[in-house]
Number of protein chains: 2
Amino acid sequence: MTRIKEVAALAGVSTATVSRVLNGKSVSPGMESAVRRAVAELGYTPNRTARSLRRQHSELIALVLPDIENPFFTSLARGVEDVARAAGLSVVLCNTDEDVDTQEHYLRIADDENMAGVILAPAGPSALLARLAERHRAVVVVDRAVPDDVDQVLFDNVDLGRRAAQALVDRGHRRVACITGPRATPTAKARADGWREALHEKGLPAPDDLLVYANYRVDGGETAMAQLLAAPEPPEAVLATNNLVGVGALRVLAAGDGPHAQLGIIGDLPFVTSPIDDTFLLQLHPREMGLMAARMLVDRIRGEAGPAQRVIQPSRPVMLGAPAS
Amino acid sequence: MTRIKEVAALAGVSTATVSRVLNGKSVSPGMESAVRRAVAELGYTPNRTARSLRRQHSELIALVLPDIENPFFTSLARGVEDVARAAGLSVVLCNTDEDVDTQEHYLRIADDENMAGVILAPAGPSALLARLAERHRAVVVVDRAVPDDVDQVLFDNVDLGRRAAQALVDRGHRRVACITGPRATPTAKARADGWREALHEKGLPAPDDLLVYANYRVDGGETAMAQLLAAPEPPEAVLATNNLVGVGALRVLAAGDGPHAQLGIIGDLPFVTSPIDDTFLLQLHPREMGLMAARMLVDRIRGEAGPAQRVIQPSRPVMLGAPAS
DNA sequence: TAGCCTCCTGTAATCGATTACACCGCGAAT
DNA sequence: ATTCGCGGTGTAATCGATTACAGGAGGCTA
């Protein structure tokens, strides 16, 4: 591989001058063109490890996600990637599998690699996160709130739950169930809280047997939906609070060997193949969330000061197909 | 952040000794325990940038993919990630969007960052790939063959196409269409070749109007399927040669306002929500492919010599639900 | 007891870039 | 004509680890 010394030798200048040309510092025109010619001839690109060591930060950002197989997070990753690429940064993708230790492991690596910044969708509370933020490393948290004083891009989860449940009630349903994520997940709890509030506001009961905590995956949605439909008095409508759970619920409905129920889903419904005319979708935009988070991160990396921001990402209610009679 | 000097000072030894303890070189028991105590007390972890510079390679591997939103590739990524993590490596995920220039850009970065290795699902021919391999950097190509002399993990695409088409013919269909990927994609062409061979072997015609080239995405499958079903003499069965195209085809069938056709899909059918009783699935295992590729890469990083390997990944035919009458 | 070998240990070189600092030359100001 | 200032340049320090090399202590052999 070519080194800066060889470029300097070929151009007949010092390494300092080569470096200055490549970093846009002022250099006399004659030398500049000599350097550029040498760079082109040798196909030189600077070694990023050496640069990172000297500059004390690399051109990498870490994107730490709970589940890279969930399309919600891959869309988010896509958004981050697009902004990062435009800013000359590369994305290191880390999968925590919802495990806090793994999360801490990757945050530590991000630190030890002198990465320029971190975007984290937390699997749980993190001690390292606060330390990173304190030493003013660029950090943005997405999707799930943390108490720390860092930039965050979030949904208003209570509001999401409320609006989705309201939409189902407004279609005339009185027994509206809710399938949400694990009890320990604040996001899941908040959306369920919204569901409960909406029912109460409409003067409807929200009994415990209409609320099911499931894992936030397809099989969780399947199990929960089957359980709800098998009840002595099945619900008229069901709210699934995330996209994978929604897919599971849709599968059970599509199998069609139980009572029917209208479905509401909070999420982005990727790769659905069944007709979903009668489904209410409160659409989230993970890609936009990723774009926003990455922009904020890039601003911080560029040195933007100021207090930590909390950005609430909007969502869009969509009715798919014709409403139920 | 803690530096090795501070650890050395606290333990009362030289930095060399600290480094040796951390890298498992022999050190006297007394010093070793003193160093370990100091490391624990300060919470020291070595700076990876400095280590990479000295060792001439980092603990990162690049995974360069054409489309991180395609579940096929996210499953593959998941497999790579699992092996990498176990080997102490982190994965840098790069999305080429099927663009060769972007691909070269990322390969160059992998080189400039002194990454330990690269796993590439090529969007097209690459000049850098050969150069990396020549300088015996660890490289593994997945999913799409390249002519270069590097390790590859592939499917036998002609065979996949043939077996899937055979299965549809064996169910009694005579007009079997094929939706494959872009004409320029060798994988797409190979699977279509297999389809053609199967029909010919069965003494059936494989006319051009039964072969549709689509983009390898959901909308490509939708358009192609709609086109096939709208033909004056629609096919009795349709083979979709990748999972996203299959999703698109399924959507059109599920909408149900055209003639019916039996579907065959080569892929891994993620997140499908419609009943797919009558669908033949030739199941691919991208996660296994990722595991295998990462294992081969790790072996190479550890210094394994020997000629470049070509591993053919198996697939499993699955009939979903009851066969058509 | 002298000579050698082994095993640790510390000092300093090294990886490859960026950049602080010193210095040089030239034009402007006095 | 001297001084000052300034833009441009090169030399060498620097980032933080790993590791080549030199040297010292101790055990073993002759």
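Quick notes on this one:
- Failed condition for residue A:258, given (1) at the interface with another protein chain (Cβ under 10 Å from one of its Cβ atoms); (2) open to solvent by less than 50 Å² (accessible area, probe 1.4 Å); (3) over 26 Å from residue A:312 (Cβ atoms); (4) touching a residue at least 12 places away in the same chain (Cβ under 8 Å): (1)
- Residue tally, condition closer than 23 Å to residue A:168 by Cα and more than 14 Å from chain B (Cβ to nearest Cβ), over segment A:286-320: 7
- Screening the candidates B:258, B:290, B:246 for the property of being in contact with a helix residue (DSSP H, G or I) (Cβ under 6 Å, 6 or more places away or on another chain), under 23 Å from residue B:69 (Cα atoms) and of a type in the set (Gly, Ala, Ser) yields one hit, B:290.
- Test result for residue B:180, among the hydroxyl-bearing types (Ser, Thr, Tyr) and open to solvent by 10 Å² or more (accessible area, probe 1.4 Å): no
- The single condition from (1) under 30 Å from residue B:68 (Cβ atoms); (2) more than 14 Å from chain B (Cβ to nearest Cβ) that residue A:77 fails is (2).
- Those residues of segment B:14-34 which are within 11 Å of DNA strand D (Cβ to nearest atom) and surrounded by 16 or more Cβ atoms within 10 Å (Cβ to Cβ), in sequence order: B:17, B:18, B:19, B:20, B:21, B:22, B:27
- Matching residues, segment A:90-116, being in a loop (DSSP other than H, G, I, E, B) and at the interface with chain B (Cβ under 10 Å from one of its Cβ atoms): A:97, A:113, A:114, A:115
- Single residue of B:251, B:300 found to be buried (at least 17 other Cβ atoms within 10 Å of the Cβ), farther than 18 Å from residue B:187 by Cβ and either hydroxyl-bearing (Ser, Thr, Tyr) or in contact with a Ser or Thr (Cβ under 8 Å, 6 or more places away or on another chain) (or both): B:251
- Scanning segment A:1-48 for residues that are assigned to a loop (DSSP other than H, G, I, E, B), within 14 Å of another protein chain (Cβ to nearest Cβ) and more than 9 Å from DNA strand C (Cβ to nearest atom) yields a single hit, A:43.
- Filter result for residue A:280 (touching a helix residue (DSSP H, G or I) at 6+ places or on another chain (Cβ under 6 Å), part of a strand (DSSP E or B) and either crowded, with 22+ Cβ neighbours inside 10 Å or within 14 Å of chain B (Cβ to nearest Cβ) (or both)): yes
- Restricted to helices (runs of 4 or more DSSP H) entirely inside segment B:126-220, those with at least 1 residues that are assigned by TED's automatic domain parsing to the domain that holds residue B:242 and modelled with pLDDT under 95 are B:157-170, B:186-201.
- Hits in segment A:49-73 (condition: open to solvent by less than 20 Å² (accessible area, probe 1.4 Å) and more than 16 Å from DNA strand C (Cβ to nearest atom)): A:61, A:62, A:63, A:64, A:65, A:66, A:68, A:70, A:71, A:72, A:73
- Residue list for segment B:85-96, filter: among the small types (Gly, Ala, Ser) and crowded, with 24+ Cβ neighbours inside 10 Å: B:90
- Test set (1) within 23 Å of residue B:73 (Cα to Cα); (2) more than 13 Å from every other protein chain (Cβ to nearest Cβ); (3) more than 19 Å from the chain's Cα centre (by Cα) - residue B:266 fails condition number: (3)
- So residue A:76, is it in a helix (DSSP H, G or I) and crowded, with 19+ Cβ neighbours inside 10 Å: yes
The values are calculated or read from the model by the stated rules, or taken from the named source; none is laboratory data. These numbers were taken from a predicted model, which means no experiment stands behind them. Reconstructed Cβ throughout: ideal geometry from the backbone, glycine too, with neighbour counts over all protein chains shown. These area figures cover heavy atoms from the full protein model, side chains too; ligands, DNA and RNA do not enter into them. Shrake-Rupley method; radii C 1.70, N 1.55, O 1.52, S 1.80 Å.
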